Structures are given as C-alpha cells and as structure tokens.
Protein chains: 6
Amino acid sequence: MSRKPLRVLAIGAHPDDLEFQVAGTLAKYAARGDTVIMAVATNGDIGSATHTMEEIGAIRKQEALDSAALIGAELIWMDYHDEFFFYNEESRRHMIEVMRHAAPDVVLGHWTNDYHPDHSLSGMAARDARIMTAVPLIITASAHLQKIPVHFFYDTLAGIDFTPEVYVDVSDTFETKRQMLACHKSQNAWISDIFEGRSIAQMMEVQSAFRGLQAGVRYAEGFRALPTFPRARDYSLLPLE
Amino acid sequence: MSRKPLRVLAIGAHPDDLEFQVAGTLAKYAARGDTVIMAVATNGDIGSATHTMEEIGAIRKQEALDSAALIGAELIWMDYHDEFFFYNEESRRHMIEVMRHAAPDVVLGHWTNDYHPDHSLSGMAARDARIMTAVPLIITASAHLQKIPVHFFYDTLAGIDFTPEVYVDVSDTFETKRQMLACHKSQNAWISDIFEGRSIAQMMEVQSAFRGLQAGVRYAEGFRALPTFPRARDYSLLPLE
Amino acid sequence: MSRKPLRVLAIGAHPDDLEFQVAGTLAKYAARGDTVIMAVATNGDIGSATHTMEEIGAIRKQEALDSAALIGAELIWMDYHDEFFFYNEESRRHMIEVMRHAAPDVVLGHWTNDYHPDHSLSGMAARDARIMTAVPLIITASAHLQKIPVHFFYDTLAGIDFTPEVYVDVSDTFETKRQMLACHKSQNAWISDIFEGRSIAQMMEVQSAFRGLQAGVRYAEGFRALPTFPRARDYSLLPLE
Amino acid sequence: MSRKPLRVLAIGAHPDDLEFQVAGTLAKYAARGDTVIMAVATNGDIGSATHTMEEIGAIRKQEALDSAALIGAELIWMDYHDEFFFYNEESRRHMIEVMRHAAPDVVLGHWTNDYHPDHSLSGMAARDARIMTAVPLIITASAHLQKIPVHFFYDTLAGIDFTPEVYVDVSDTFETKRQMLACHKSQNAWISDIFEGRSIAQMMEVQSAFRGLQAGVRYAEGFRALPTFPRARDYSLLPLE
Amino acid sequence: MSRKPLRVLAIGAHPDDLEFQVAGTLAKYAARGDTVIMAVATNGDIGSATHTMEEIGAIRKQEALDSAALIGAELIWMDYHDEFFFYNEESRRHMIEVMRHAAPDVVLGHWTNDYHPDHSLSGMAARDARIMTAVPLIITASAHLQKIPVHFFYDTLAGIDFTPEVYVDVSDTFETKRQMLACHKSQNAWISDIFEGRSIAQMMEVQSAFRGLQAGVRYAEGFRALPTFPRARDYSLLPLE
Amino acid sequence: MSRKPLRVLAIGAHPDDLEFQVAGTLAKYAARGDTVIMAVATNGDIGSATHTMEEIGAIRKQEALDSAALIGAELIWMDYHDEFFFYNEESRRHMIEVMRHAAPDVVLGHWTNDYHPDHSLSGMAARDARIMTAVPLIITASAHLQKIPVHFFYDTLAGIDFTPEVYVDVSDTFETKRQMLACHKSQNAWISDIFEGRSIAQMMEVQSAFRGLQAGVRYAEGFRALPTFPRARDYSLLPLE
C-alpha cells in the first residue's frame, strides 16, 4: 500500500553548502517521511574574518546542528580543516564509512567541477567511495552495504558548468530552505564582503528562482545522475511528485 | 485512486523506425492502459531493391498497420516520399496537425542528428511543431491544444551521438518489440544487404541489450528530454514504474 | 580624445525578444551616445488568444515602436509571419539588406539553438548574412559595407543551452529595460497563461539577476562571440565599462 | 601483391576551397595512382570586386581546371551561384548524382559548421547524399552505387570548431598544394582585402604548419570521420603511410 | 618485405579488465607476431565475498597468468592493493619503469573517466608516465626509451562516457577473448551478484557486439588517441587490417 | 586621467613555458607600465640529455632570469623538481603564498589539461589557490589579499584541447617574445631531438601565427576565463587595445 521510506544521504563540503543547494529537496524528503542524513566534510574553521579557527569551527557546527534540526535530519561532522579537504586514501575510506553508517538508498554529492576545491574534491571522494561501500573486504567501522546506493550530483555555485538533467520542484519547501540557510548566521557578513555585496540568502534565492524558471515552477533545484556504471536507470529516487 | 491514462504520440521517419527504437516503451504504455499513436513521416516507398515505389509503399503501410495492431495503437501515415522528407513550412504545419489530432501528453521523436536525414529532419520538425500546437491563431484541421506536450528524444541507429539521460526497462515487453519489428518483413533482406550482414532484428537486439547493460537490466531503451524551454521538469511521463 | 560612436544592430525574432534579452545592453549603448537599431524579424501576428492576426500585428508593432522610443532607437520591421520565419534565400537576402541599411559595427543576434524556431532560424540567417554584407556583387537596396561587422550571440530563454563568455553589467539600465519590456502590454496575460504563471517581467528579472549572480553584479546580460572566421578578437565593442 | 587504386571524391563549396584544405592529401592520392575527382559546388561568380558575375565565374572555372590539371584530377562543376548554395531536394539530388558519377571509395566534404554557409550547407548535402547513393529507387542520370562510400570531413577556415581525429602528412606534396592554390590568381588581392592583409597563400601555409605541429610533421591536413551509422571503422582509406 | 613486429603494452587496473576490453585486439597483435605485454596495476585482493585478501590475491594472479598464456603474453604484476590505487609520485615512477621495461611502440590504457577510480587513476598515471619514459635524468631500473610510445585509450565499462574514434574488428579473435576472460573464474559469481545478474562474460559479449554494430562488423573494440602533444598522427599502430 | 597600473602574475610549470605561451602578452603589459611577475613552478632540473640535475637546474634559472630581465619582470622560482610537480596541500599553500607575494590584479595560469602533468597540475594548483588568497585564517608568509584576483588560462602546447575565448594581438611585441624564448638556449637541441625536429622557436612561431590567423592579426595569444564563481565578468584586465 504505502511507499517504503527512503534513506537519503547528502554530503556537502562546508556547513551551509547543503542548505544553499539541496535543502529544498531534503525538506521534501523529510516531509514525506524519508530519513535524511546531512554530512559535512569540513568544519568550516576558516569561515570568518574575526574569530579564531577554534571559535568559528564551534560556531559553525552549532549552526549546522540547528539547521539539520529543522527537518529532523542527522548531522555527520567529518571535521576536515576548511579549505584543505584533499582526496586521498584516508578521505576515501572516511567517505566509505560515512556511507555505510548512513546506509542510504540515494546519495546527493557535489559536482566535481565546482568553484571551490573542497566542493570538487569531496564530490570526487563521494562519487568514488560509493561503489566500494558494498565490498566486504574493505573494512571500516560499519558493515558493508548490501546494495550500491544511487548517486546524484547537485548544482554548483551560480550554476556555472552545471546543466541539470532533472529538477525537483521546491516551491512548497522553499521557506524551510530559507530558514535552514538562515541558521548559518556567521556567514552572512563574511561572504557578502568577499563576493561583492549580495547576501548568501539573496544568492540562493536568485539561483533557486532561475532553476524554477527553467523547470516551469517557482523554485527548483537541479540534479544530474552520476554517469558511470552502474548508472541510475531513472530519477525515481528523487522526490519528484 | 487510479492514474489517468496518458496519450502518447511517437513519430518515426520510416516504417520500422519506431519498432527499432521505442516499441518496448510503447508496448509498456499500452499494457498499462495508455493510448498510443504511432505516426510515420514517410511512406517507405524506396525501401526495396526489387519492387516499384508504389508496390513497396503499399506493402510497408500494411506492415506498419500490422505492427501497430499488436499493441492496439493508432497509425498516422504522413505519406512523404521516403528519403526526401524536408523540414519546411508545409511539413511543420503537418506536424502541428498530427500533434493536435493526437492531443498527446507526451511526444517521442527522433534525435536531430541521426544517421539518416529523414530521421534528423523529421526530428527537427516534431521538436519545433510542439510549441506551436497551443497557439490558437495557427489554424489547422484540428483544434489547438490546451497544453504544450512534453517532448523526449529517442535513441539513434547504433546509439551514435546519443547519450541517454534516462532508460526505460523493456525486458518485459521485449518479445512484443521483436514481434512488432518482425512485421516489417520487406526490410530484412534489403537492409542486411546494405549494412554488411546483420539482420534488423539482430541489430535491434544488440542495441537494446547494450542500453540494458548501461541501465542494469536485460533490455532497455534510452531517452533524453528536449533541453529547450519549457523543458520537462522530470521524466514522470515515461513508463518508468 | 573622445570615442567614435558605434552603430549597433540588434535583431530579435518577435516584438519583445530584444527587450527580454538585450535591452539593458542597448540602453547602455544609447546612454553613452551610440546609435542603436532594433530589427524585429516577425510581426508578432499570432501573439494573442483573442485578437485577429491583423489586429494583434498592428498592436505589437506599436508596442515595439514605443519601446524603441525609450532609448531613441530606430525600429526595422521585417514583417515575416510570426511562427513561420524560415531561413532561405529570401530571408538571407533580407537580412543582408537590413545589415547594410543599419551599417553596424556590431550585431547582436539570437543563439541558433533557442527554444523557438523563429529565434534559432533568424539567428542562423543573421549569422550567415553578416559575411555577405561586404560582397559588392550581392546587390540589395543599400550599398555593400566596407567592413564585416562583429557578431555576438545573446542569451536564450531561461538560459538553456547558453554559456556566456562575457557579461554586460546592466544594473544601471535595468529600470529602462523593465520599462521597455513593459511596453509590450499585449503579451503579459497571454504568456503567463502558456508558461505556467510567471509574467514575462518576472521571468526577465529572474534571468537578469541570475546572470548578474554569475558575473558578480546585480543584473547582467550574457553574450558569446560568433566562433567562426573571422571571429571577434575580443569583446571591446560591447559596452563593458 | 599491389593495392587496388582508390577513387576519391573531394567536394568544395568554392573554387579554391579544396586547394586550401585538402590539396596536399589529394596530391598524395594522385601520386600513388589513385583517381581524384574534384567537385566544386558554386561557380564563384561573386568572388570579385571588379568583374561582372559572368566574367569572374568564367575566370574561376578556368583557374579550377588549371589547378585540377596539376594532379590529373577530373573537375565537376556544379555551378550553383556563389553565396547562395542552399540545401534542398534539388541540391541533395545533385549531390547524389555527383557521387554516383564519381563512384568513389571515399568522399572528403566540408565540415557542417564552417565560417561560410556555402561550406556548411554543401557539407550537409554531401553528408546526407552519401547514404542514398546506394538506393536503387532513387533515380538519377548515373546508376546507383553498390557500396556506400566512406565519408571524411576536412578542416575549417582557421581551424575554428574543428578538432582533427587523424592527420595526413602532406610535407612531401606541400609544394604541389601551394601551386594548386596559386592557380586561383583572381582571389589573392580580393581576399587579403577583406580579411585584413594576409594573402590566401600565407593563410594556408600557417594552417598547414599548425596542423603539422600538432601531428609532429612539417605540414599536415586534419580530418574527422563522419560519426553516423554506418561509420568508418578506421582511417585506412586516407593516404596515411 | 615484412613488417617489423611491434611491442605492445596494455595496462589494466584489475585482473580481467584487459580481458574485458582489449583482449580481442591483443590476440590480433599476437596472432600476427607482435609482442604483447599485459600489466595489471592492482592485485585484485578484494575481489571476493568469501576468500581472505591473501587468498583471493593469489588466485587472481594465477588466473591472470593463465589468460596471458593463451596469447603468449608477458604479465607484469604491479601489485597495488585493489580499490586503492592512487596516482602519486610513487605510482607514476612505477608506471615509467613498467613502460621502460616493456619498451613498447604502443600503449593501451584506461580512459581517465571510467566507473571505477582504480581505472581512472591508473589511466591518468599511464597517460602521464608516457612522456617521461624518454627523459634520461629520470632514473628507474630500466634504461630510458629512445622514443615516446604512442598512447591509445580503450573503452569503459558499458561504454559510458566513451566515444570511440576508431574500431578494431575482433570477430576473428573473439573466441580467444572469451577464453581469456573465462580464465578469471573467481569473478563470475561475485560480479553478477553485485551488478544485477548478468555474468561478466555476457556483459563483455553485449559490449563487443554493440561496438561491432557501430563499426559494421560482428565484434569490435573501440579506441581513442591520447589527444595531447605529441599526439598520434594516425591509428596505424593498431591492428586494423 | 591615466590608467592605474596593473599587477600581473604569470605562472608556468617549467622555465620557458611562459615564454612560449604568454611572453607577447607580458611584454605588452610591461610596455604600458604594468608590473609583471613571472613564477616558475619547477626548476627544470631534468631538462638535459648531457648535464647533471644540479648543473641544468642552475643553467635554466639563469636563462629564466635573463628572459625576465628583458621586460623588467620579477622572477619567482618555486623550485619543485621538474617532472614531479604534484598538487597537494604543500604546493597549494605555496601557490597561495606566491599569489599573496605578487598581489596581482590578474593571474595567467596553465590550462588544466595540457600535454605535460607539470602543466596541468600546476594549473590546477594555481586555479584553486586563487580563491584562498583572500582568506585571513589561512596563514602564509605574506598577508592575505583584499581582493580575489581574476584568473585566465593560457594556451596549451600545439593548441590541443584549448579553444580561446579571447585573443591578445602580440604582433608588436613578437620580437621581444622571440628574444625571451631565445634566452632558454639549453632547450633547443634537447627539445627538437625529442619532438621530431622543429626547434622550440619554430614551434612557437607556428602557434602564434595560427592564433593570429584566427584573430585576424599577424601574431596572437589565446586565453580563456576561469569559468567558476566568481568568474571574470569580461576580459578588460587583458591588454587588448
């Protein structure tokens, strides 16, 4: 009768990346009863012009927890230093363990050519870890998965070098998305200072509205299927309806 | 409770093109109760090494009717001369009328860079006619549509220059697809003669199995959404179950 | 001391296309003293759900004149039937004559793969006419040009299949752009009816803001140089400063 | 023991296009005993700033004959008006007949996105005619072919939008290429006048040397296989050794 | 009179990758008297759901030796841990030494964007090592080469993200290819378990038949030339005849 | 009245890479009063068939100093071993420091898919370091920048896989470019030995002339803007006039 709830793992490089790009989709999953896990690769410990690394790291973790709480999501804090996530054996194994812990049906990861290397490199690590989650002889803290999860890439900052194949209509959950992003209070002044005056909230709204324009709805988020074998047959694990 | 049945229009350049590329998907639509209309742009009147144009044209129309009958589909015979379908005002208006007559929710058309110009040019005509079906001041025999249909491209011969975004699993309807293609008896000797010895049936099976390999199923057919505005938000009008 | 004023020719398929995509740039040219000519390929005579073709054609021409008047631009009315601009010898020769009449330093034309065939086909005709404007033995009403103009493509509807190479900051002229688009009163209800509820003005603002986001300014318009020989060496004929 | 001589058909839009892009390869074919046929789509009747159309057309035909004579090639003069080659049923049928007359093993045609529409459109017509040459029910003056010829695209002006897959080393025949191009005396002043001062001979030498640089030889010409079905399995019909 | 035999080095990530993608070509080289060397980057020590790493590693090495023996090829066992081949200074130097030891005329390596990171990363290491093989001041066990070998990429799993430029007809050696793959007995149950039920042998046959369909033969393998300087001028080092 | 002088940082992998690809542009910057800094990632210590690593490294540094002196540029010698530049945390931090020391308005870096891994990997390191130069909590010897510099990619060897978006006319500074390259005396015999007989000077002239052909001038250098956020709005920081 009823649909079996999904387990959804979204992986972002910095605290607030998931809020910017996929929070509308995550809220939609949560609203229909799926389990959402948000993993953050770095601890955001350089994201400030005024705090020490320890201070800003602690602040940002709390902001991430506040945001995840709004949709009842679990937060996984991978705790790499901000700006210096590299893709190597250690981080690949870490990604495998994160995926096994989350045991997801579907993974949402960064595109591998985004503006920031933490995005691109964590996107590569997630992409490549996926196929190894089901291999028994790779030992990590959690047991190996019975089934390789389906992997989708989400949008880049300002949509550059990213052509969505499919759009999730997030008009209904856009207000939640806005609130989740607003939890990241520490980033507002800092970012608009670097990026010529638009706040993060404004940047996110422009991009969500543009993806909505392309998709024929008010607000949308765009995705692409991982194109390598075994690739997603379709997009039915996204909350499209 | 129950899904509203769809109206599906598939447009092929020659009799047997739809059978080769989308018959598995069409059979799936039909099997679940959707209405299927098969339009054929040319009358196949050169498809023979032995018959006259009139003879072979008549033979091929009957073959197309036999094939459509297997899934209870309506056949629209556009009757352009084989090899000489050109994209101009006349053929565009004809395509508009075909679409209005069929009143489809979804259109399946040729990729616009396939190996044969009849494929590519009828693919362009279908693609461009779509947006005009809803314009009241363009007058054709049938009334204008209330809603622009969603358009998908299907695969090319041997899959060249075509990267599917989404795959329809046709393992269950593959036997029907084979039978539909087999209705086109006149093409078997002729084609294997030109194309170095593989029969059409064998070519079709190889391609369907390859798309299945990519999609993780036994047999599949690949599709892409028309990438122009207003683009398909998702693929839910395909029979993805 | 002072810059020699440029002559700028922008060519759109329908009345309001130029307003949607390049009016901010045109206003910037005009504001600094360059001469702007706006050519419209079709007469917009199907752009209505209520008027006859003659009525709506007349209305739309006046709207186009009103819009051009806001920046002191000349309007060239090519008067092809809306929805049925085809690229053939007649329309190519017509484009050559339009360019010779305008005698531009720079031409702004549609991308050749936009959502509407009138856009794509008039974009092709403009692109190809350009190189012939300087050929003496091609005789049209106006004299041949001494110099082949530089050609740029402007953005597509919803930015689909278009990656800008360069952005013109139109923050300062955005209000003029809005007013120019608003002159096309007849299109508002009609379009939002077809395209799921956003008005043309809203669609335009979303897209201009998104291009601005990519370019680091409030509002921007994106362009690409014609990539064929002799190609633009740089973008200095655009109003970039 | 000995290789069977090939029949090679090269098709250019204007007198001197073949000389600029493939004369080194044609000379190589000729030198080893293959039969070379050069077809020219337009009669070059606008290629002058001083002559009438009739005068310059006659001059250019003689120049083309002089050039072909240097390698003992047959010249086919298709005689369309320069600048106005369009791709339609008439020109497609004409191309079919040219190919049947030449009965080639291999066809060399323009890339379909070159700087001049005569290039692109004759390139499309040649590409599409190829598959129809073997169809008995398409009647032209010459008999249908027994085998579809293999089709390669040659380089564009200034190499824009063209990435060679394979290179023919023309160092040994470069002097012949230079002489063939030099037969087109009428074009020298005229072209350097339009294209900012480099003579055609200099343009050709720069491009041939650049393709040679890419290929590790002194002078080369680049090619791509037609990517559609049935595609060239390899490049063995090019004079690679 | 006679052709000088070539030295051919094929590099695969795991035992059985070369058998899946290039064994038909390798068998063809061997059959005409060329020397074939097969290098395997990882030891396959995770390729089992039942054995320990040591056990399965030993089993797979023997399977690789059995396969190589069928065409008289030398096997180079690079012995990296399966799933954890990374591209760094150590593995690059290792690849340089492997190439110097093999002293090949031609190298066949993985595409750098295949489904498994061991494929992509060993493909990058091989691609980049190539140019350094001829540098005297890079010291490895074997002497530097006198000539940089020509590099080709072979196909990906399920052909995703790989468009062949050239095809080798392997119809005649397909039975040998099948036998070589069959030597990898340990992989059959294991893989079909993970990849939804098709055996490796079936997957390989589908892909070889599809590449054959594209190339107009029964079975084929597809290749691309490394596109960077100094690039292959042509494909004459592949066994095309 | 007068333009504020720019600070320009060009980063090359080996001594002589900047001379080959961007020296004409650098000379143009210098000639108009901008400050030019040339950074070289590796010390060139394998670039010889006869010297020891120490000897050739010392020779090449002096050659680089001689070249930089011709346009009054500062030289930054990063001193990584030739052939073994890897992109990791150390080299990224080094690039950040180089950029902070240079404090540039504009950075010119290698394309990330050039023929040599030192090119591609130093290109990636430069590309990614850029955005971090303005982050206060990343501590290096020099202070963080107030503004993220604009980043352009320059051409690849033989122009393979590189399509310029914009061209700098270097006809006037070409003689200086030739002299700068000629300072690298140690490379002439060595390179032509490996790359089949053309000297570096000849290779450079062919490529500069080809880019000039594309741009309609005698000699040119081609560039592309870094396409990721925040991307260059235009090309006005290049010396285009």
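Before moving on, here are some points about what is shown:
- Qualifying residue in the stretch D:27-44 (condition: part of a strand (DSSP E or B) and more than 14 Å from the chain's Cα centre (by Cα)): yes
- Taken together, the residues in the stretch D:171-189 that are touching a helix residue (DSSP H, G or I) at 6+ places or on another chain (Cβ under 7 Å) and not in a loop (DSSP other than H, G, I, E, B) amount to 9.
- Enumeration of residues in the stretch C:196-235 that are within 14 Å of chain D (Cβ to nearest Cβ) and not in a loop (DSSP other than H, G, I, E, B): C:Arg224, C:Ala225
- Of all residues in the stretch E:134-158 being open to solvent by less than 10 Å² (accessible area, probe 1.4 Å) and within 30 Å of A:Thr228 (Cβ to Cβ), the one that is farthest from the other protein chains (Cβ to nearest Cβ): E:Tyr154
- Qualifying residue in the stretch E:52-63 (condition: more than 23 Å from E:Arg178 (Cβ to Cβ) and under 16 Å from the mean Cα position of the chain (by Cα)): no
Residue by residue, here is whether (1) farther than 30 Å from F:Lys147 by Cα; (2) of a type in the set (Asp, Glu); (3) open to solvent by less than 20 Å² (accessible area, probe 1.4 Å); (4) not in a helix (DSSP H, G or I) holds:
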| residue | (1), (2), (3), (4) |
| --- | --- |
| A:Gly47 | no, no, yes, yes |
| A:Ile59 | no, no, no, no |
| A:Ser67 | yes, no, yes, no |
| A:Leu75 | yes, no, no, yes |
| A:Arg93 | yes, no, no, no |
| A:Ile96 | yes, no, yes, no |
| A:Pro104 | yes, no, yes, yes |
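- Unique match (being open to solvent by less than 30 Å² (accessible area, probe 1.4 Å), among the β-branched types (Val, Ile, Thr) and within 26 Å of C:Arg130 (Cβ to Cβ)) among D:Val166, D:Val206, D:Val217: D:Val206
- Criterion applied to E:Glu241, E:Glu175 was being within 19 Å of the chain's Cα centre (by Cα) and among the acidic types (Asp, Glu), and the one residue passing it is E:Glu175.
- Restricting attention to the stretch F:42-100, the residues being closer than 19 Å to E:Val135 by Cα and among the hydrophobic types (A, V, I, L, M, F, W, C) number 9.
- Taken together, the residues in the stretch E:1-46 that are closer than 16 Å to E:Asp169 by Cα and in contact with a His (Cβ under 7 Å, 6 or more places away or on another chain) amount to 1.
- Hits in the stretch E:73-111 - residues which are away from chain A (no Cβ under 14 Å) and of a type in the set (Phe, Trp, Tyr): E:Trp77
- Given (1) over 17 Å from the mean Cα position of the chain (by Cα); (2) within 11 Å of another protein chain (Cβ to nearest Cβ); (3) surrounded by fewer than 21 Cβ atoms within 10 Å (Cβ to Cβ), index of the condition C:Ile131 fails: (3)
- Scan of the stretch A:1-23 for residues that are in a loop (DSSP other than H, G, I, E, B) and open to solvent by 10 Å² or more (accessible area, probe 1.4 Å), ordered by number: A:Met1, A:Ser2, A:Arg3, A:Lys4, A:Pro5, A:Leu6, A:His14, A:Asp16
- Exactly one residue out of D:Phe162, D:Phe152 is of a type outside the set (A, V, I, L, M) and part of a strand (DSSP E or B), and it is D:Phe152.
- Subset of the stretch A:119-128 (residues that are buried (at least 24 other Cβ atoms within 10 Å of the Cβ) and either out of contact with any helix residue (DSSP H, G or I) (no Cβ under 8 Å at 6 or more places or on another chain) or polar (S, T, N, Q) (or both)): A:Ser122, A:Gly123
- Residue that is nearest to the other protein chains (Cβ to nearest Cβ) [pool: residues in the stretch E:113-128 that are out of contact with any Gly (no Cβ under 8 Å at 6 or more places or on another chain) and assigned to a loop (DSSP other than H, G, I, E, B)]: E:Tyr115
- When each of D:Gly47, D:Gly57 is tested for being within 23 Å of C:Leu137 (Cα to Cα) and without any contact (Cβ under 8 Å) to a residue 40 or more places away in the chain, the lone residue that passes is D:Gly57.
- Scanning the stretch D:159-170 for residues that are closer than 30 Å to C:Ala225 by Cβ and more than 10 Å from every other protein chain (Cβ to nearest Cβ) turns up just one, D:Phe162.
- Flag for A:Val106 being of a type in the set (Val, Ile, Thr) and either within 20 Å of F:Arg127 (Cα to Cα) or touching a residue at least 60 places away in the same chain (Cβ under 8 Å) (or both): yes
- Single unsatisfied condition, B:Tyr87 versus (1) open to solvent by 10 Å² or more (accessible area, probe 1.4 Å); (2) of a type outside the set (D, E, K, R); (3) assigned to a helix (DSSP H, G or I); (4) closer than 30 Å to B:Pro164 by Cβ: (3)
The values are calculated or read from the model by the stated rules, or taken from the named source; none is laboratory data. Since we're looking at a predicted model, the values are computed, not measured. No Cβ is skipped: glycine too gets one built from the backbone with ideal geometry, and neighbour counts run over all protein chains shown. Ligands, DNA and RNA are excluded from the accessible area calculation, which covers all protein heavy atoms including side chains. Shrake-Rupley method; radii C 1.70, N 1.55, O 1.52, S 1.80 Å.
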